[in-house]
Structures are given as C-alpha cells and as structure tokens.
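This report concerns only the one structure given below.
Every number here is computed from the coordinates shown, using simple stated rules; none is lab data. Worth saying up front: this structure is predicted, and the values here are computed from it rather than measured. We place every Cβ from the backbone using ideal geometry, glycine too, and count neighbours over all the protein chains shown.
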Amino acid sequence: MEAPSSGGWSELPVDILRYLLERLSFFDFHRAAIVCSNWYLCSKQTLRLKFRSPLLMLCPEEGGCRLSGYQFLGNSGKWFLVVDSRSDLYIIDVFSHKRMLLPRLETLKGGPHEIQGVGENEFKENLIKRCTLFAWDHFTIKDLRGLLWVDDKSGDYVLGVLMVSVNHKFPMSIPIADERAMYAYKPISVGEHIVVPTSGEPLFLYTRAYEPTSGRPRIFRLYKRDAKDLEPNTFLVEVDSLGDVALFVDLGITVPADRTLGIEPNSIYFTRDDRLFNHTKRSTPCIDVCVYNLATKTIKPFASLSNFKPNDAMWFLPS
C-alpha cells in the first residue's frame, strides 16, 4: 500500500482546514488567512465567528498592564498570558480570574537559547552553541512580550515568549522628506508598529509624540510596501486611507467599522508607543488613548477618560 504523502501545512485538505479556521477567534482567523494563498482562499469559503467589539483595559498601576500583581505579556481573546515577580507564568481569564499555572520562565526552551534569572525581575538570555554557553542579552520583565492561542472548548493552548529591544528595526525605510518632518522637533516618544489588515498586505505605522511646549500634536504616518519595488531595502509609500475599516494598533489588525459599536471608519485606535518594541532606552513611553482620523488628520481623545490618568491601557478582542 502506498504511503500518504507528507505535504506541508499549505497542502492540508480543504475540509480539515475549514474545520480549523472555524474554531479560531476573529483575531486568529485573520492571522491564519495570510499564512499562504491556499489558506487565504479557504478563509473566503469559511463561516467566521461573529465579530465582537474590542474592549479597552485601563491600568492604574505602574509598570505596564498588570492584573492583580501580574505583568501582561499577550492574550488570546479573554485569556491573558501574564508573569509574576517570581517569573511564574499564568494564563488568566480576565473576566472570571480563573488561572492556569504554567512552567517557570527559566524552564522554557527555545532552540539554542535559554533564560537564566540573575536577580529580581531580571534575566539573561544565553546562547547555547556546540555545548558551550554564551551570554547573549540582559533584560527585565518589562522587556518581555508574549504570543498566545487558547482553544475555548478544549482548553488547549500554544504560547511563545520573546524579548524585545531598541535594536528591532524595519528592513524598509520611510521617505527621506517624511523622516525629516518627523524629527523637525525632538520627539519625546517614538512608536513603530506592523499591522496586518484583512486584505493581508502588511502596513507599517510610525508615530511620534512631542513636548507639549512645542505646540506640535502627536503625528501618525501609515505606509505600505511599493508593489513595484520588492527589494528588501526599499522605501515605503504612504497610505492615505483605510477605507471602511479601523486599525487597532494594540491588536495589530484592522476590524470592520461599525458606528453602532462606536468603531469609526478610516481611523487608528491608539494607546501607547511601545506595545511591541521597547523604546524606553531612547524615549519615554507615552500613554495616549485616542482615535486618529486619516481623512481629517485629527486626533480625538476619549472624553470619558479626561479625569482618569492610566499608567497603561490596551485594546483587546474578547473571545
């Protein structure tokens, strides 16, 4: 009997792939749809879960988004991946506070890398090469970010933890004139983000905040790759409109505009600069819970938050 071929993930049978896609959240569904062309075509034939409005979490504590003493790393719907001061990892249901204890941070294995504790909330990333240990990088809990996927029905989960630094840069560059305009005044906070819209074509968001005395408001610039120039070190082209969708920077995706849910079209929903990259060594993280309209190029803060000064804030999609 002939053994079945061992094709890659892109060659999964359509019925199996559709079954998997139907189990994903809105966020994970759109991420899966851009894995390859076959997955994208199958996603167009799949019944998606009903979209639910994003929720805003406000954090009065210092040190980033925290939940009763935990540091937020990432989430999958209502399930949040967090770490405590002892470097213990948990998955917590943000609504019921049900939690699952995970292996300690230092026990996670990642190929040739390992994590070693060197003090309270401080760690060292080691590179193991040919049975020899090399010190690779030093970081704290604030430098950690996480990726999480949880199956609400079975409770199965997949997670990853990564360290970020000021050395992360985009391979492409923005136009020189735009770069000069952004630094015409000295910024106090810098943000660079990658967003995956429903169309599947990545977008690059640059934002800068300036001293209030400069009289210059926070600026947003949205770019994409030039379809005619796919060289790795090329200049990006500016995007003037998002159309009938809204971009949520914390989620890294676009969602359908819906005025009944308060989601404005052609808008960018923003909270802070360094959700993905850590810029604390070259600038000060700046919390700006606001909506930027690409058509009018105006920033609208949330009036209901005028008397609330959060130390952190984050948009997330419930399961």
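Just a few scattered comments:
- Built amide H within the under 5 Å cut-off of ASN311, gap 5+: CYS59, GLU61
- The range 176-316 gives an Rg/Rh value of 0.95, both radii derived from C-alpha positions and Rh following Kirkwood.
- Amide H within-cut-off set for ILE263, under 5 Å, with H built and near neighbours excluded: ASP258
- Put simply, the amide H of SER76, placed in the peptide plane, has neighbours under 5 Å in LEU81, leaving out anything fewer than 5 places away on its chain.
- Karplus-derived HN-Hα couplings along the range 203-214 (A = 6.51, B = -1.76, C = 1.60, θ = phi - 60°), whole Hz, x at Gly and Pro: 10, 10, 10, 10, 9, 9, 10, 10, 4, x, 5, 6
- Proxy reagent accessibility, fewest Cβ within 10 Å first, across LEU47, LEU203: LEU47, LEU203
- Segments 11-17, 304-310 sorted - mean Cβ within 10 Å per residue, highest first: 11-17, 304-310
- Working ranking of peptides 18-24, 293-299 by packing, defined as the average number of other Cβ atoms within 10 Å per residue, highest first, is 18-24, 293-299.
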